[in-house]
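One structure below.
The values are calculated or read from the model by the stated rules, or taken from the named source; none is laboratory data. Quick caveat: nothing in here was measured; it's all calculated off a predicted structure. So basically every Cβ, Gly included, is an ideal-geometry build from the backbone, and we count neighbours across all protein chains shown.
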Amino acid sequence: MPYKCCVPACRSNYDKESEKVSVFSFPKDPNLQSKWIKAICRQDFIITKNSKVCKLHFRDVDIETTVSMWDEKTGKKVTAPLSYPRLAAGAIPVFVPGCPSYLSSTSTSATSRESPEARRNRLENDFLRKTISESVESHAQYKNKVSVETFEDLKFKIDNFKVPDKWIIMKHEKRVNFLLICNPENPKLQCSVGINEDLSVFVFVENVKLTSIGNLKLPEYINDMNVIDKLLSDINQEISEREDSGMCIQLEQNPKDLLRYVSSKFSLLSAEDKLVILLMDEIHLKENLDYKSGNIVGNAFNDEKLAKSAHVFMISSLMSPYKEVVHILPVNKMTGEVLHTFLKNIVIGLHNIGFEVLGVVSDNHSISRKAISYFSNPPEVKIVYPNPADENKPLYFVIDTVHILKNIRNNWLNNRNQDFKYPNFSNMEISETASFEALKEMHASESTSLLKYGFNLSLKTLCPSNLERQNTFLSWLSKWELLEDGITLTKETHFALKHTTEALIHMSNFLLEKENFNYFLCGKIQTDNLEERFGKYRLLAGSQYHVSVRQIFESEAKLRIQAVMPLALTSHNFGEIIFDVNCVDGASLPSQEENAECNIADILANNCMVDEDDLDEISDTMWPLLTYIGGYCSHQITKKLKCNYCVEFLKGSNSENCS
């Protein structure tokens, strides 16, 4: 049942047949209540919750039937209807129908005048709406200026188009080309971007058509001049970055760039180069933080601390001289688990590139052994593991023979009296003793002789200091290990020697019998190539023993450049001459007819005179040395001689020459 109006003489909502009207409760503000009571002419009226005043006593502007707000994006007022009408703030009844006219007020109420805040909001939004309208119009003009609808539209708008630096525009009847020219003194076309009649795009870089450049995806069609500008700028930046990193090859420290260099070089390798051994060793570093050209180098790869050493990984071919450093890992502290992860990723990465990794060669350090052991489950140091890239292929683990020999030497020097006990090779039940004193006596006896059995022996090698020591047979080994006299090898060295011997036997059987190789060079299964690389790092860093992380990176970059650049000699008459050490000038060699007339005996007789008195002065102990040296000299000469008669004479193929 609707509420009744309390205004005198007002019959709103009293009659059932009359139209129902909205009513409003009295305000809660005491001052506003007094004004309402005065306006309806009921001075002593007591307000209750049922006291209402109908809408007939208010002006239309005082009654709100909608709600509105300003849209900040468009500046327009958004309006929505209210479910029930409500009074504006401060509204007061002004009409008292059925009563004398003087009781009704026609004065403007507080709500009839726009407040300063409302006016400010209205003006601000009017300005915003005007600005948006102008912006929309300006945007439409801009889109019309840069948008490309047809090929004729492109040719028309290209006249006012400003191309990035180094680009020039060439217009043809059915194509528009953008050309990137490098080296203004000797112009060379580096890149071309063309747009056909159907607005399709093609890009050529050095005569090769591309769909992408690095990480830059090229658009298929052009519908906006801004797309052209962005495309040319991006190509400019991509090619510039390539030039900056051109010969200064980046070393792959980012995981996503692992093995990037060796991958790019793989297509240049022969089939013999692709069967490799992975060499792993550690080089100690100088701890320092190095700032150069805007970047800082010196931290470990996974730590904020400075790198103390670097683990270097190199592949070395079993069938060719090919060798390459594939990764350098600066570390502060290494664990077996982390090293295993990198080792596994490198083996798998090399396999994915196309290499076949037959085995891993490392020193006998406990961390290296632990890293290798994780290739089996449970972890165990073994001779051969399933290859993580292909479980049907083996992955051999060999402890470096160079490190083993160094450890044997150190064990020998550290024993009392520098004596060394080992089993006899012929009869393993008999123990023999090797003494450093014998080597010292031989060195003393040969110190004044030109020909020496121990030609490399010196006091430095026979009596090394502690610093110089650090410069880096199956049943017989087992018997040797059982000797307990205290003057044998340590357990670690025994294990390494036995393990490597078994591994080399197993590997040779696999290659020669199962893989049908013609030969197997055991000497390649060692880290000599890696140690040689370390020596070059130190040499290129100014002959320093402790090199920094940056010096290693820069030295490796120089060595990589040296590997891909040919040796060239510059001539004033002939320009640049590529020098090939394998190239021999055939014009300087004697012909076959000259060979037939060559009397090698006469030539040697005129240049090398030996009589019986010379031979009598040679002692019996010197003849083996002379024979060895003579054989070596003959072997080296015959590798370069082209005269067959000279070769046969030096080889001594008949008894006459041998005499």
With the condition kept exactly as written, say whether any residue in the range 90-108 is among the small types (Gly, Ala, Ser), at pLDDT 75 or above and surrounded by 11 or more Cβ atoms within 10 Å (Cβ to Cβ).
yes
Among GLN33, GLN43, which is of a type outside the set (Ser, Thr, Tyr) and part of a helix (DSSP H, G or I)?
GLN33
Go through the range 531-556 and give me each residue that's part of a helix (DSSP H, G or I) and surrounded by fewer than 17 Cβ atoms within 10 Å (Cβ to Cβ).
GLU532, GLY535, LYS536, LEU539
Before we move on, is PRO85 closer than 17 Å to VAL7 by Cβ, surrounded by 11 or more Cβ atoms within 10 Å (Cβ to Cβ) and modelled with pLDDT of 85 or more?
no
Between THR131, THR111, which is at pLDDT below 70, part of a helix (DSSP H, G or I) and surrounded by 10 or more Cβ atoms within 10 Å (Cβ to Cβ)?
THR111
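Here's the yes/no breakdown for (1) in contact with a helix residue (DSSP H, G or I) (Cβ under 9 Å, 6 or more places away or on another chain); (2) among the hydrophobic types (A, V, I, L, M, F, W, C):
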| site | (1), (2) |
| --- | --- |
| SER267 | no, no |
| ALA271 | no, yes |
| LEU279 | yes, yes |
| TYR291 | no, no |
| ASN295 | no, no |
| ASN302 | yes, no |
| VAL312 | yes, yes |
| ILE315 | yes, yes |
| LEU318 | yes, yes |
